[in-house]
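Here's the structure we're looking at; comments come further down.
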């Protein structure tokens with residue numbers, strides 16, 4: 001990493017932010033960071049679509065690949081991506097990301113995350129990944145969970161002939177089916193509802209099929225449950241539920257907003273696998 005775009009003499013873990021020092025507080029020691037990554041692509045990868053995805057980069061992000069302008073984005077807390085198919089070559093590729101922030105006193109009308117006394121986060125504080133995509137792929141997915149079913153709305157890029165899905169638990173398939181419409185409803189049937197006392201959770205796998213082959217797939221952990229309210233009471237799956245909330249607002253010395261690792265969380269209390277997996281990523285920070 002570099003603060004001037006010339007001398008790459010600093011190391012930073014991504015996801016992570018530019019350090020805040022005692023002298024610079026509440027702002028980072030630099031409001032500008034240059035991040036450089038070299039990625040190698042082989043013959044099979046260069047023929048496919050490439051997408052560079054960011055899941056949180058604060059505040060103004062500009063991207064170049066092999067010296068070519070890719071695009072820019074403003075906003076520190078939303079995901080965004082760039083199609084980088086045309087900018088990438090076979091062999092070595094240089095990805096250069098410049099992230100610029102504003103002083104905290106100048107962020108009156110910007111979303112800044114935690115309260116300002118924590119300090120001003122600047123940089124790629126969420127993961128970044130380079131995805132290799134087939135001509136048919138899942139561009140986005142929306143899920144609506146109910147007590148007896150989950151509604152799925154897929155945005156699929158390219159042609160497909162079928163959508164197959166399975167619901168499994170600990171590797172055992174409990175329910176499977178298929179659809180031809182990108183908007184579908186998967187019924188719970190014999191599967192159990194989720195509750196704090198019985199945290200039944202299932203692994204949903206959705207595969208997009210074209211010419212008999214899986215073009216893309218998505219994995220997501222889900223539980224069937226429905227929360228409603230009536231006469232001032234909260235109901236979970238139709239039963240009265242008393243909820244006592246606790247605020248857990250963590251801040252990590254190494255990575256600020258983001259837990260240092262999945263294993264770190266698991267050392268505090270048991271954690272499930274990440275809610276979503278991307279099998280098409282070749283570079284995931």
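Side notes on the structure shown:
- The residues of segment 19-67 that are more than 21 Å from residue 5 (Cα to Cα), outside any strand (DSSP E or B) and touching a strand residue (DSSP E or B) at 6+ places or on another chain (Cβ under 8 Å), listed by number, are 45, 48, 55.
- In segment 232-251, the qualifying residues are those that are without any contact (Cβ under 8 Å) to a residue 12 or more places away in the chain and part of a strand (DSSP E or B), and the one that is farthest from residue 147 (Cα to Cα) is 233.
- Scanning segment 82-107 for residues that are in contact with a strand residue (DSSP E or B) (Cβ under 7 Å, 6 or more places away or on another chain) and free of Cβ contacts under 8 Å to residues at least 40 places away in the same chain yields 82, 83, 85, 87.
- Single residue of segment 114-166 satisfying the filter (in a loop (DSSP other than H, G, I, E, B) and within 19 Å of the chain's Cα centre (by Cα)) that is modelled with the lowest pLDDT: 121
- Scanning segment 73-115 for residues that are more than 16 Å from residue 29 (Cα to Cα) and in contact with a helix residue (DSSP H, G or I) (Cβ under 6 Å, 6 or more places away or on another chain) yields one hit, 90.
- Filter pass, residue 207 being in contact (Cβ under 8 Å) with a residue 24 or more places away in the chain and either within 30 Å of residue 17 (Cβ to Cβ) or not in a strand (DSSP E or B) (or both): no
- Among the criteria (1) in a strand (DSSP E or B); (2) exposed (fewer than 15 other Cβ atoms within 10 Å of the Cβ), the one residue 81 does not fulfil is (2).
- Complete set of residues in segment 2-17 that are assigned to a loop (DSSP other than H, G, I, E, B) and either touching a residue at least 12 places away in the same chain (Cβ under 8 Å) or in contact with a helix residue (DSSP H, G or I) (Cβ under 8 Å, 6 or more places away or on another chain) (or both): 3, 4, 5, 8, 12, 13, 14, 15, 16, 17
- Test: residue in segment 237-247 that is farther than 29 Å from residue 132 by Cβ, modelled with pLDDT of 90 or more and in the same structural domain as residue 151 (by TED's automatic domain parsing): no
The values are calculated or read from the model by the stated rules, or taken from the named source; none is laboratory data. Everything numeric in this text was worked out from a predicted model, so none of it was measured. We place every Cβ from the backbone using ideal geometry, glycine too, and count neighbours over all the protein chains shown.
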